[in-house]
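Working notes, structure below.
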Amino acid sequence: MKLGCCYYPEHWPEADWADNARRMIEMGLSQVRIGEFAWSRIEPEPGRFEWDWLDRAIDTLGDAGLEIILGTPTATPPKWLVDSMPDMVAIDAEGKPRGFGSRRHYCFSHRPYREECRRIVTAMAERYGEHPAIRAWQTDNEYGCHDTAISYSAAAAAAFRQWLAQKYGDVDALNAAWGNVFWSMEYHSFDAVDPPNLTVTEPNPAHVLDYRRFCSDEVVSFNRLQAEILRAHSPGRDIIHNFMGFFTQFDHHDVGADLDVASWDSYPLGFLEQFWFSDDEKRRYLRQGHPDIAAFHHDLYRGCSNGRWSVMEQQPGPVNWARYNPAPLPGMVRLWTLEAMAHGAELVSYFRWRQLPFAQEQMHAGLLRTDGEDAPAAEEARQCATDIKTLGEPGEIPKSVALLFSYEADWLFQAQPQGKSFRYIELAFEMYSALRQLGLDIDIVSPHADLGGY
Amino acid sequence: MKLGCCYYPEHWPEADWADNARRMIEMGLSQVRIGEFAWSRIEPEPGRFEWDWLDRAIDTLGDAGLEIILGTPTATPPKWLVDSMPDMVAIDAEGKPRGFGSRRHYCFSHRPYREECRRIVTAMAERYGEHPAIRAWQTDNEYGCHDTAISYSAAAAAAFRQWLAQKYGDVDALNAAWGNVFWSMEYHSFDAVDPPNLTVTEPNPAHVLDYRRFCSDEVVSFNRLQAEILRAHSPGRDIIHNFMGFFTQFDHHDVGADLDVASWDSYPLGFLEQFWFSDDEKRRYLRQGHPDIAAFHHDLYRGCSNGRWSVMEQQPGPVNWARYNPAPLPGMVRLWTLEAMAHGAELVSYFRWRQLPFAQEQMHAGLLRTDGEDAPAAEEARQCATDIKTLGEPGEIPKSVALLFSYEADWLFQAQPQGKSFRYIELAFEMYSALRQLGLDIDIVSPHADLGGY
Amino acid sequence: MKLGCCYYPEHWPEADWADNARRMIEMGLSQVRIGEFAWSRIEPEPGRFEWDWLDRAIDTLGDAGLEIILGTPTATPPKWLVDSMPDMVAIDAEGKPRGFGSRRHYCFSHRPYREECRRIVTAMAERYGEHPAIRAWQTDNEYGCHDTAISYSAAAAAAFRQWLAQKYGDVDALNAAWGNVFWSMEYHSFDAVDPPNLTVTEPNPAHVLDYRRFCSDEVVSFNRLQAEILRAHSPGRDIIHNFMGFFTQFDHHDVGADLDVASWDSYPLGFLEQFWFSDDEKRRYLRQGHPDIAAFHHDLYRGCSNGRWSVMEQQPGPVNWARYNPAPLPGMVRLWTLEAMAHGAELVSYFRWRQLPFAQEQMHAGLLRTDGEDAPAAEEARQCATDIKTLGEPGEIPKSVALLFSYEADWLFQAQPQGKSFRYIELAFEMYSALRQLGLDIDIVSPHADLGGY
């Protein structure tokens, strides 16, 4: 297993880059992810590209011996682009635009924005696709983060109608499949179908379920567009996406089918705090994290892309985004790293190299403190580098128990829960946890997986 | 007392209708309510009526010996109608449209929609008004369900201004009555008065109270329009509406004055779960329902239309719409049925005949299961049919205690509560409950009722 | 210290005014605040002023020996004015207008509304500026009440851009200061910057902080416009504003710099109920108020305008606006009055003279009941008048401990809290409370205060 970190050369003086790279190597890191939020620096004005700084950053990092994972910057389109087509943003269930000023301010269904993505990804792939330091590509960043996989925009409505027409052929088939005779909800044409929001009471669950499938398919095709460009221009490099924890808004198995490596962003303390765990569990695991959260996702994402997987972002200290943000206990960063290795990760990449003194994540820890000195995680990363050498590569994970996980089932139970407190993913997690307590090795697999051998 | 059920021939193959009717009779049911959500099947396109299927359904049910309560389908206008006048939907307090995709997607104040209602109700009344199997009409369905009696649309604003002009004559009288000199809220014309939403802080409670009165009057006139058409074309048939539980958004006494029979929809477990009862009470009565909820409404609705009342929808098993949806204990459906009889109901009609395999209520139990076999309630209904024969008609309800219930008082206390937890309807319910525990017979009556004899 | 009350001659028959004034004097009151919500009576139609009633009210009160604090009526622009420029209202963070129908329905950044304010304030100042009974002016009323200091209107966006241009000179300086390189949030012109609402996830905290500073500056300049007019036309009269409790949406030190006297509105029971105190504390202090709430604000507002301060509105009984509105224990109104005196207040003015039988505050107690008889607070006010004579003026407040309070710090911690439950103002209050328990005299001072002598 390799170690790495997430680095943003555009955040720091160019004079520091070489020293930063040297210190990464010294710390035992061999990979570095860059670029995924840098659109406004790569293309500061429409059509005017500034490659020089990125050329130098890549060369500097590469020259130091680091392998680079280069991100496509499509999660943060610049203001000039949004201003040029304001309807590219997602619309929430209440009908409000989700505008510029943070990130992920785009609707997956907006076709002209897809063309912009094709343009910027092609430009990057053409320039860096065969650069020797480029080892892999990351598409976009955390699809769906901040509930962005579902949009109710006009673009989404139009694409949904096409999706329905393709699926059902004629509208009577749709009416029959959904049971629209109930409450006189029958349609006479696909054009009459709207997204299932802003209804008086709950919409038809079949309507909701198809909308969820459609939204998921939009993420899949959005990602595929980028993957195809990257594959064409950058032979031999892995295509990776960094998924999130406890996130089911789109079908990760479907996106994973277009990737070489499924990665995820592991924030054990943040996830404990943000999800359904009891106050008691939150207190008990406050500074170490619930013992099954990381493992559950390791085993889930191992099943998402032919067994190749990694941790693209590993929590190195307090985060800034949970309700409460404690520091991990000493040793936890090392433990989390080795745990990922035991589950078969190819890479654990710490997020981020150095804590920032500005913007949304200025309270988010890194391997370095804001002042450039080592933060507590730095020494743990160094220990891990030694541990990995000592331990050698882990053997093959034995096939023991397969836990089937269906994203579609999650959408279905959200649309028609048995009771208010029922959560499909919580059920899956509890089953996983129970199986782990029996000492079993678990593969979390898709409904289409081959179950032979378990 | 008669037993009946709610049936939707349009949901099932025509080949099953005769057998369904035969099984209803076999179960001891003598009435059946149909039609109230069937607009898209009666008039699939503007002005093109398809009566044949409904003719055959009515004939089939009538030929089996069932008396039919025919619903007007105005609670579910079809998509083509909404598309033809998109401003017919209600607007919520936040200014958002409450669109198509479930039911009750209309604003009571939208005059062109009223004309559509007049058209469809007239067409139905002309065709079936004197059909021998038609025993009664139900107007619309559950007025106000899903908080739909209050709308802040442009249509509502315009109608409110007219209502105010009629009530106050000149705007200075309105200013004086509301006390608009406070905070410089004086108006110079009725046209300047808006609905009381989207204000910076709470609007004038007199403004709110008049808006609530206006909204209630809109429901009353909406219902009256239908009642008058039905009376004209269907002599000798009862006009019924099915009210809801713990619902005060309009004055039921005023609507009841235009009905022959007030009915209500009794869901003892759902209501326990959805309203203000403590967790302790919810656990205690989980599968039987609070002992006073059904009785309270029986006695309330008996006072709403000259003493003639019924239960149009009786919970037969788990519902789908509460937070948690337990199954009633064995025997509860029978108990609820006989309790209604003891309070003087003319009819208890189970909702619904057969559980559906699709759409919003697919998790809602019926007398039959989805597969057509008996659900647990079927046998209890049969027992009730026997019980009713054995017991004979209950005697006159003695006049003992009158509990005065004022819908206007409820609106007033919502506009100006004494404290956050105060609810007028809860107070009335608690008083009712206390009186019941003293073994008293209670009539819940309107503020205009004759209190002689108590 | 003087006693006074808040009085609304426009709410009562003119025939009662003289008797009311006589009873105020009899009760020991010597000041009366009037006029702050009377715009619709002063200018019932655009440009048509009705001064006669106000002339007579001022003369009647003055002739009785009362000193008058005259309020500018800009917190309640009349409907005709709002109808003439509907975009003058504030827009909330969700994009919804905050319309007419209560009070404070204006955006501080709307320049044409400022011109209207200049017009009405000039007209009042010209007419009454040198009237011998006029002792002071109150600008507007409770700036920011009902969360109105922050608006996301087009007017606010335009003014924000100008404010940014003035602060940063060029947009690259803004990008650098905010760290907009993070997440590609860089702007190419000030015109591209929007208010920080409706973003997908949290906006840049630097963006938020500058918006908070801007919004505060808008309140300051709004107030200054009025203060300058009043000073020019009404020499020798104090300019006062009545601030609120636990309210930090704008910098009170900055507004206070343009005032002669900082006053605040003291509702000890209402504030206990509305803020963060535990249920236990709310029960314990239910009818007397938390022992430090009033003192905290006395010491805070003493530091807001060169040491001259007063209580413009003193709770005299139950209020109407908290979740629960208990009556103060007997003696509390007297205690609160004398407590203000001990902290150095120049005036305690009871809100209001007589309880109203209409509109939003009809459940809010006064010195008199709705029927004109004494409410419990009347006798306590009389006792206070005697107490004040007996006790004489309190000496100089000794300089002991300075507690530095920064409104900007509050905005910063709201934008980037350390944890969900952290509140800067709560921290300041807890520190104040701890220092009080040590028996210390506390001055709450601005970050720019001279700390010598402590």
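Quick check on A:ALA149: is it more than 13 Å from chain B (Cβ to nearest Cβ), within 25 Å of A:ASP258 (Cβ to Cβ) and not in a loop (DSSP other than H, G, I, E, B)? Here the answer is no, as A:ALA149 does not meet what is asked. Given the structure, is A:ARG22 in a helix (DSSP H, G or I), at negative phi and either among the acidic types (Asp, Glu) or within 11 Å of another protein chain (Cβ to nearest Cβ) (or both)? Spelling it out, it is not the case that A:ARG22 is in a helix (DSSP H, G or I), at negative phi and either among the acidic types (Asp, Glu) or within 11 Å of another protein chain (Cβ to nearest Cβ) (or both).
Under the condition of being open to solvent by 10 Å² or more (accessible area, probe 1.4 Å) and either assigned to a strand (DSSP E or B) or in contact (Cβ under 8 Å) with a residue 40 or more places away in the chain (or both), the residues counted in the stretch C:27-36 number 2.
Checking C:ALA192, C:ALA173, C:ALA206 one by one, the residue that is facing chain A (nearest Cβ under 9 Å) and surrounded by fewer than 20 Cβ atoms within 10 Å (Cβ to Cβ) is C:ALA192 and no other. Looking across the stretch A:209-231 at every residue that is farther than 29 Å from A:CYS5 by Cβ, over 18 Å from the mean Cα position of the chain (by Cα) and of a type in the set (A, V, I, L, M, F, W, C), the one that is farthest from the other protein chains (Cβ to nearest Cβ) is identified as A:PHE214.
Within the stretch C:299-312, can one find any residue that is outside any strand (DSSP E or B), over 26 Å from C:ALA136 (Cα atoms), open to solvent by less than 10 Å² (accessible area, probe 1.4 Å) and modelled with pLDDT of 95 or more?
Applying the first criterion (outside any strand (DSSP E or B)) to the stretch C:299-312 yields C:299-308.
The next check asks that each one be over 26 Å from C:ALA136 (Cα atoms); those that pass are none.
Checked against the condition, which is being outside any strand (DSSP E or B), over 26 Å from C:ALA136 (Cα atoms), open to solvent by less than 10 Å² (accessible area, probe 1.4 Å) and modelled with pLDDT of 95 or more, the stretch C:299-312 yields no hits at all.
For the stretch C:76-85, which positions are assigned to a loop (DSSP other than H, G, I, E, B) and surrounded by fewer than 22 Cβ atoms within 10 Å (Cβ to Cβ)?
Initial filter on the stretch C:76-85 (assigned to a loop (DSSP other than H, G, I, E, B)): C:76-78, C:85.
Across the stretch C:76-85, the qualifying residue is only C:MET85.
Does A:GLU273 meet the test of being within 14 Å of another protein chain (Cβ to nearest Cβ), buried (at least 18 other Cβ atoms within 10 Å of the Cβ) and either charged (D, E, K, R) or in contact with a strand residue (DSSP E or B) (Cβ under 6 Å, 6 or more places away or on another chain) (or both)? Break it down stepwise before answering.
Numbers: within 14 Å of another protein chain (Cβ to nearest Cβ): yes; buried (at least 18 other Cβ atoms within 10 Å of the Cβ): yes; either charged (D, E, K, R) or in contact with a strand residue (DSSP E or B) (Cβ under 6 Å, 6 or more places away or on another chain) (or both): yes.
Taking the combined requirement at face value, the residue satisfies it.
The residue list C:ARG119, C:ARG103 contains one member that is out of contact with any His (no Cβ under 7 Å at 6 or more places or on another chain) and closer than 19 Å to B:PHE182 by Cα, which is C:ARG103. The set of residues in the stretch A:173-186 that are in contact with a Pro (Cβ under 9 Å, 6 or more places away or on another chain) and assigned to a loop (DSSP other than H, G, I, E, B) comprises A:GLY179, A:MET185, A:GLU186.
For (1) part of a loop (DSSP other than H, G, I, E, B); (2) within 30 Å of B:VAL208 (Cβ to Cβ); (3) open to solvent by less than 10 Å² (accessible area, probe 1.4 Å), each residue gets a yes or a no:
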{"site": "C:ASP87", "(1), (2), (3)": "no, yes, no"}
{"site": "C:ARG104", "(1), (2), (3)": "yes, yes, yes"}
{"site": "C:CYS107", "(1), (2), (3)": "yes, yes, yes"}
{"site": "C:ARG114", "(1), (2), (3)": "no, no, no"}
{"site": "C:ILE120", "(1), (2), (3)": "no, yes, yes"}
{"site": "C:MET124", "(1), (2), (3)": "no, no, yes"}
{"site": "C:PRO132", "(1), (2), (3)": "yes, no, no"}
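Among residues of the stretch A:430-443 that are open to solvent by less than 70 Å² (accessible area, probe 1.4 Å), those with a Cβ under 8 angstrom from a residue that is among the hydroxyl-bearing types (Ser, Thr, Tyr) and not in a loop (DSSP other than H, G, I, E, B), sequence gap 6+ or separate chain, pair up as A:ILE442/A:TYR432. Can you tell me which residue within the stretch C:42-75, out of those that are under 18 Å from B:ALA192 (Cβ atoms) and without any contact (Cβ under 8 Å) to a residue 60 or more places away in the chain, is least open to solvent (accessible area, probe 1.4 Å)? Of everything passing the filter in the stretch C:42-75, C:PRO44 is least open to solvent (accessible area, probe 1.4 Å). Just wondering, is there one or more residues in the stretch A:419-429 that are within 18 Å of A:ILE293 (Cβ to Cβ), among the acidic types (Asp, Glu) and in contact with a Leu (Cβ under 9 Å, 6 or more places away or on another chain)? No, every residue in the stretch A:419-429 fails to be within 18 Å of A:ILE293 (Cβ to Cβ), among the acidic types (Asp, Glu) and in contact with a Leu (Cβ under 9 Å, 6 or more places away or on another chain).
Look at A:ARG283 and say whether it is part of a helix (DSSP H, G or I), of a type outside the set (Phe, Trp, Tyr) and open to solvent by 30 Å² or more (accessible area, probe 1.4 Å). Criteria met by A:ARG283. Taken over the stretch A:164-176, the criterion of being among the aromatic types (Phe, Trp, Tyr) and in contact with an Asp or Glu (Cβ under 7 Å, 6 or more places away or on another chain) is satisfied by no residue. Can you name every residue in the stretch B:1-11 that is more than 10 Å from every other protein chain (Cβ to nearest Cβ) and open to solvent by 10 Å² or more (accessible area, probe 1.4 Å)? Selection gives B:MET1, B:LYS2.
Residues are listed down the side, and each one gets a yes or a no for (1) of a type in the set (A, V, I, L, M, F, W, C); (2) more than 23 Å from B:LEU66 (Cα to Cα); (3) at pLDDT below 95; (4) open to solvent by 20 Å² or more (accessible area, probe 1.4 Å):
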{"residue": "B:TYR350", "(1), (2), (3), (4)": "no, no, no, no"}
{"residue": "B:HIS364", "(1), (2), (3), (4)": "no, yes, no, no"}
{"residue": "B:ARG369", "(1), (2), (3), (4)": "no, no, no, yes"}
{"residue": "B:GLU373", "(1), (2), (3), (4)": "no, no, no, yes"}
{"residue": "B:PRO376", "(1), (2), (3), (4)": "no, no, no, yes"}
{"residue": "B:ARG382", "(1), (2), (3), (4)": "no, no, no, yes"}
{"residue": "B:THR386", "(1), (2), (3), (4)": "no, no, no, yes"}
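Let me confirm something: among A:PRO44, A:PRO132, which residue is farther than 21 Å from A:ILE239 by Cα and at pLDDT 95 or above?
Details: A:PRO132 fails: farther than 21 Å from A:ILE239 by Cα.
Step by step, each of A:PRO44, A:PRO132 is checked, and only A:PRO44 is farther than 21 Å from A:ILE239 by Cα and at pLDDT 95 or above.
Comparison of A:PRO44, A:PRO112, A:PRO132 shows that the only residue that is within 14 Å of chain C (Cβ to nearest Cβ) and either of a type outside the set (A, V, I, L, M, F, W, C) or over 26 Å from A:GLU14 (Cβ atoms) (or both) is A:PRO44. Among residues of the stretch B:276-296 that are over 17 Å from B:ALA322 (Cα atoms), those with a Cβ under 7 angstrom from a residue that is open to solvent by 30 Å² or more (accessible area, probe 1.4 Å), sequence gap 6+ or separate chain, pair up as B:ASP292/B:ARG436; B:ALA295/B:GLU339; B:ALA295/B:ARG436. How many residues are in contact (Cβ under 8 Å) with a residue 24 or more places away in the chain and either open to solvent by less than 70 Å² (accessible area, probe 1.4 Å) or among the basic types (Lys, Arg) (or both) if we restrict to the stretch C:410-423? So the count comes out to 5.
Among what's in the stretch A:185-200 and is without any contact (Cβ under 8 Å) to a residue 24 or more places away in the chain and among the polar types (S, T, N, Q), pick the residue that is nearest to B:SER102 (Cα to Cα).
A:THR199
Tell me which residues, restricted to the stretch B:299-332, are over 22 Å from A:LYS420 (Cβ atoms) and among the hydroxyl-bearing types (Ser, Thr, Tyr). The answer is B:TYR301, B:SER305, B:SER310.
Residues considered: A:ALA377, A:ALA340, A:ALA381. Of these, the only one that is touching a residue at least 60 places away in the same chain (Cβ under 8 Å) and touching a His at 6+ places or on another chain (Cβ under 7 Å) is A:ALA340.
Pairs are defined by a Cβ separation below 6 Å, a sequence spacing of at least 6 or placement on different chains, a first member in the stretch A:1-22 that is of a type outside the set (A, V, I, L, M, F, W, C), and a second member that is assigned to a strand (DSSP E or B); the pairs so defined are A:LYS2/A:GLN31; A:LYS2/A:LEU347; A:GLY4/A:GLN31; A:GLY4/A:VAL32; A:GLY4/A:LEU347; A:GLY4/A:SER349; A:TYR7/A:VAL32; A:TYR7/A:ILE34.
The values are calculated or read from the model by the stated rules, or taken from the named source; none is laboratory data. Given the structure is predicted, the values throughout are model-derived calculations rather than measurements. Positions of Cβ are generated from backbone atoms using ideal geometry, with glycine treated the same way; all protein chains shown enter the neighbour counts. Remember, those area values only see protein heavy atoms, side chains included, never the ligands or the DNA or RNA. Shrake-Rupley method; radii C 1.70, N 1.55, O 1.52, S 1.80 Å.
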